[in-house]
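Accompanying notes for the structure given below.
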């Protein structure tokens, strides 16, 4: 990946491990957050669900942020996950939970709501009547809850953080485009993709749409196509640094052969 110019749009406090790994491999990293993550004052409903933690059959964390802010909220109210069925939608989320001292975590083979629903524990024949608590940010994706509810599970949300549009300077990317120093943008969520359009504005829309994109799910890739991306859209197996880098390396080797 030598001399590849890459934009990393992860929140600033979650981007450094990926940025450093890319730089170690000879890449040029443009640190440009599209999302800012903020803690929130927990709602009465969320506090109630947290205090009733032991009543849930399945506790699900849908992101790294859900894990870090969720664990903090649980500790605030003296709640422990020990003895519960704990799930992380992806490997990065599982690592965040393990770093917090949670050792027994179940992770689907495919890092997505669909992958989680394919696990035996969520089979329609065994899920009916079970209680599920999902840790997430305000206004997250509804597909997982819809899938669980369709199987007659009881689903509650513990919303523990908020996503905001980051205060990144659009001129930074414009300058890199003008200097032909922008090869790929990494964006790992629909919210991050939407924020790219908001921050860059209409005047830079064509620059954005003509730039190759790397994301981590078919859902985000499909959304990018709907938004008008017409260059390559790469899909890593997960949001983990290793899978993102492997996808980039494969793409870069193909480019060098052309």
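Laboratory data are not the source of any read-out in this text; all were calculated from the coordinates shown. Bear in mind the structure is a predicted one, so any value in this text is a computation, not a measurement. Methodologically, a virtual Cβ is constructed for each residue, glycine included, from the backbone with ideal geometry; neighbour enumeration extends over all protein chains shown.
Of 41, 159, 23, which is the most mobile in a GNM of the chain whose springs link Cα atoms less than 10 angstrom apart?
Comparing 41, 159, 23 in a Gaussian network model of the chain, the most mobile one is 41.
Quick check on the chain: of the DSSP beta bridges with both residues there, what percent are antiparallel, nearest 5%? Show your work: numbers first, answer last.
Values: 5 of 33 bridges.
Restricted to the chain, the bridges split so that about 15 percent are antiparallel.
Of the peptides 1-12, 185-196, how do they stack up when ordered by the mean number of other Cβ atoms within 10 Å, highest first?
On the way: 1-12: 18.8, 185-196: 22.7.
Top to bottom by mean Cβ count within 10 Å: 185-196, 1-12.
State, to one decimal in nm, how far the label point of residue 47 lies from the label point of residue 175, with both points 7 Å from Cα in the Cβ direction.
In this crude label model, residue 47 to residue 175 measures out at 4.7 nm.
Let a ≥ b ≥ c be the square roots of the eigenvalues of the Cα gyration tensor of the range 38-163; is it rounded (a/c under 1.5), or, if not, prolate (a/b larger than b/c) or oblate?
rounded
So what's the back-of-envelope 222 nm ellipticity for the chain, counting only DSSP H runs of four-plus at -39500 (n - 2.57) apiece and dividing by all residues, rounded to 500? Kindly include the intermediate steps, with their values, before the conclusion.
On the way: 12 runs with 108 residues, N = 258.
The helix-only estimate for the chain comes to -12000 deg cm²/dmol at 222 nm.
Considering only the range 38-163, what is the antiparallel percent among its DSSP beta bridges, to the nearest 5?
Details: 2 of 18 bridges.
In the range 38-163, approximately 10 percent of DSSP beta bridges are antiparallel ones.
Using only the Cα atoms of the range 124-229, each taken as one equal point scatterer with no solvent, compute I(q) by the Debye sum, divide by I(0), and report log10 of the ratio at q = 0.12 Å⁻¹.
-0.56
Could you compute the FRET efficiency for residue 104 and residue 232, with r as their C-beta to C-beta distance and R0 at 51 Å, rounded to 0.05? Please report the intermediate quantities before stating the final value.
Values: r = 39 Å, r/R0 = 0.77.
Given R0 = 51 Å and the Cβ-Cβ separation, E is 0.85.
Can you list the residues of the range 97-112 with backbone N under 18 Å from a point 7 Å past the Cα of residue 250, pointing along Cα to Cβ?
It comes to 109-112, nothing else.
Let a ≥ b ≥ c be the square roots of the eigenvalues of the Cα gyration tensor of the range 77-128; is it rounded (a/c under 1.5), or, if not, prolate (a/b larger than b/c) or oblate?
On the way: a/c = 2.82, a/b = 1.40, b/c = 2.02.
Oblate, because a/c is 1.5 or more while a/b does not exceed b/c.
For the chain, what does the alpha-carbon gyration tensor say about shape, rounded, prolate or oblate, given a ≥ b ≥ c as the root eigenvalues, a/c under 1.5 as rounded, and a/b over b/c as prolate?
Values: a/c = 2.03, a/b = 1.85, b/c = 1.09.
Prolate shape, in that a/c is at least 1.5 and a/b is the bigger ratio.
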